[in-house]
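Written below as structure tokens is the structure these notes are about.
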Amino acid sequence: MDVSWYLVLSALLFATGACGVLIRRSPLVILLCLELMLNAGNLALVAFSRSNGNEEGQVFALVVMVVAACEVVVGLGLIVAMFRRRIALDVDEIRELRG
Amino acid sequence: MVEVAFFAGAIGALGGAIAVIALNNPFYSVLALIVHLISLAGLFLLLHAEFIAAAQIVVYAGAVMVLYLFVAAYVGGTEEPIAQAIPGQRFVAPLLAAALFVEVSIAVVGTSLASIQTEGPVIEAGFGSPGSIGRLLLERFLVAFEAASMLLLIAAVGAIVLAGRKGTGTSASGPGVPDVDRGEIV
């Protein structure tokens with residue numbers, strides 16, 4: 001399989017994740033869609049690492065995984081805090097920080 | 001054989017991704033994301049990234065998704081309102097996503113990089129194994145490795161501060177907010 005197949009698949013997954021971020025309004029699902037986009041980026045990094053024949057892209061992918069885990073932890077903490085304070089779990093309702 | 005494995009993984013990953021954004025219940029979306037992550041780990045194996053594939057399954061599909069499942073179960077199945085906040089959002093957003101896909105595909109396929117039209121160079125046996133990745137992490141990318149561990153620590157402390165219960169120090173509830181702790185009810 002050519003590496004370009006993986007890259008096109010990665011573009012497709014990234015576009016799917018972006019579509020989800022635009023459509024959905026539950027913050028939990030938006031976090032899931034961000035995971036989709038990060039994983040699409042990971043797939044592209046690993047594919048380029050294979051195409052170049054060195055492993056540095058895989059180290060990048062690992063660091064992306066760590067950053068994604070941090071983002072999940074903080075995002076889920078925010079969602080739990082919102083739920084505790086009975087704020088509606090709808091990103092369109094949270095507009096107090098808007099300038 | 002490789003083609004069959006690639007298309008099986010690609011269909012799993014794409015189907016999981018579409019299910020994540022199409023299913024109404026967040027709980028099912030999380031389960032669909034697990035399917036997506038496991039298919040993606042298969043694709044990583046095809047690209048000779050064994051350690052990344054294992055980390056993907058153990059860390060991502062295992063630990064992180066369990067966290068998601070707990071929060072989805074805690075928050076409950078909040079159905080999204082049918083009414084659209086922005087008129088035509090359901091129709092315009094897929095169009096924008098399709099435009100993004102076409103743009104990125106043109107950028108990738110139309111590039112003059114000759115190496116992406118091949119399977120990649122011949123690689124030695126240990127490519128992507130835990131040993132070689134670990135050596136790379138601890139020698140060449142040591143600073144990035146330490147920074148990542150620091151980031152994980154800060155994120156863990158931040159999550160405790162954000163989601164901590166009332167009475168155990170820093171609470172999320174500020175002044176002027178009715179103090180209702182849902183933890184007592186649940």
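Using per-residue counts of other Cβ atoms within 10 Å, averaged over each peptide, order A:10-21, B:151-162, A:71-82 from highest down.
So the order, starting with the most tightly packed, is A:10-21, A:71-82, B:151-162.
Between B:Ile11 and A:Val67, what is the spin-label point distance in nm, taking each point 7 Å from the Cα along the Cα→C-beta axis?
Modelled inter-label distance: 3.4 nm.
Given the Cα-Cα distance of B:Gln117 and B:Leu95 and 0.36 nm per residue of separation, how much length would full extension add, in nm?
5.1 nm
May I ask for the distance between the Cα centers of the stretch B:137-163 and the stretch B:1-59, given as a whole number of Å?
If we compute the Cα centre of each part, the gap is 26 Å.
Which net charge results for the neighbourhood of B:Glu146, defined as the other residues with beta-carbon distances under 15 angstrom from its beta-carbon, given Lys and Arg at +1 and Asp and Glu at -1? Working shown, then result.
On the way: positive: B:Arg140; negative: B:Glu139.
My count for the surroundings of B:Glu146 gives 0.
Using the alpha carbons of chain A, what is the convex hull volume per residue in cubic angstrom, as a whole number? Show your work: numbers first, answer last.
Details: hull volume 10.4 nm³, N = 99.
About 105 Å³ per residue, rounded to a whole number.
Averaged over its residues, how many other protein chain Cβ atoms are within 10 Å of peptide B:103-110's Cβ atoms?
Per residue, the number of nearby Cβ atoms from other chains is 4 on average.
Where in the stretch A:39-57 is the amide nitrogen less than 14 Å from a point lying 7 Å along the Cα-to-Cβ axis of B:Glu139?
The answer is A:55-56.
What average count of beta carbons from other chains do you get within 10 Å of the Cβ of residues in B:40-47?
Partner Cβ neighbours, averaged per residue: 5.
Using 12 Å as the cut-off for backbone N distance, which residues of the stretch A:1-27 belong to the label zone defined by a point 7 Å from the Cα of B:Glu103 along Cα→Cβ?
Label zone hits: A:15.
Give me log10 I(q)/I(0) at q = 0.13 Å⁻¹ for the protein assembly as shown, Debye formula, one equal scatterer per alpha-carbon, no solvent.
Values, matching the q order: -0.94.
Within 10 Å of each Cβ in peptide B:15-28, how many partner chain Cβ atoms are there on average? Round it to a whole number, please.
Average neighbour count from other chains, rounded to a whole number: 5.
In nm, what is the difference between 0.36 nm times the number of residues separating B:Ala63 and B:Asn24 and their Cα-Cα distance?
Using 0.36 nm per residue and subtracting the Cα-Cα distance, I get 11.7 nm.
If you count, for each residue, the other Cβ atoms within 10 Å and average over each peptide, how do B:132-145, B:112-125 line up from highest to lowest? Present the calculation step by step, with values, prior to reporting the outcome.
Values: B:132-145: 14.6, B:112-125: 11.8.
Put in order of decreasing packing, that is B:132-145, B:112-125.
Please give the FRET efficiency for B:Ala125 paired with B:Glu146, using the beta carbon to beta carbon distance and R0 = 25 Å, rounded to the nearest 0.05.
So, using R0 = 25 Å, E works out to roughly 0.25.
Compute log10 of I(q)/I(0) for the stretch A:14-69 with the Debye formula, placing one identical point scatterer on every Cα and leaving out solvent, at q = 0.15, 0.31 Å⁻¹, to two decimals.
For the stretch A:14-69 at q = 0.15, 0.31 Å⁻¹, log10 I(q)/I(0) is -0.46, -1.09.
Using the Karplus curve 6.51 cos²θ - 1.76 cosθ + 1.60 with θ = phi - 60°, work out ³J(HN,Hα) for each residue of the stretch B:100-114 in order, rounded to whole Hz, and write x for Gly and Pro.
Whole-Hz 3J(HN,Hα) from phi for the stretch B:100-114: 4, 4, 4, 5, 5, 5, 4, 4, 7, 6, x, 6, 8, 5, 6.
Just to confirm my numbers, what's the Cα centroid distance between the stretch A:47-87 and the stretch A:1-42 in Å?
Each part's Cα centre sits 13 Å from the other's.
Loop-only check: which trypsin sites (Lys or Arg not before Pro) in the stretch A:60-99 are DSSP coil with at most 15 other Cβ within 10 angstrom?
Values: sites: A:Arg84, A:Arg85, A:Arg86, A:Arg95, A:Arg98; in loops: A:Arg85, A:Arg86, A:Arg95, A:Arg98.
Within the stretch A:60-99, the qualifying trypsin sites (Lys or Arg not before Pro) (loop, at most 15 other Cβ atoms within 10 Å) are A:Arg86, A:Arg95, A:Arg98.
Bear in mind these aren't lab numbers, they're just calculated from the coordinates by the rules spelled out. Owing to the predicted nature of the structure, the values given are computational and were not obtained by experimental measurement. When we count neighbours, we look across all protein chains shown, and the Cβ atoms used for this are built from the backbone with ideal geometry, even at glycine.
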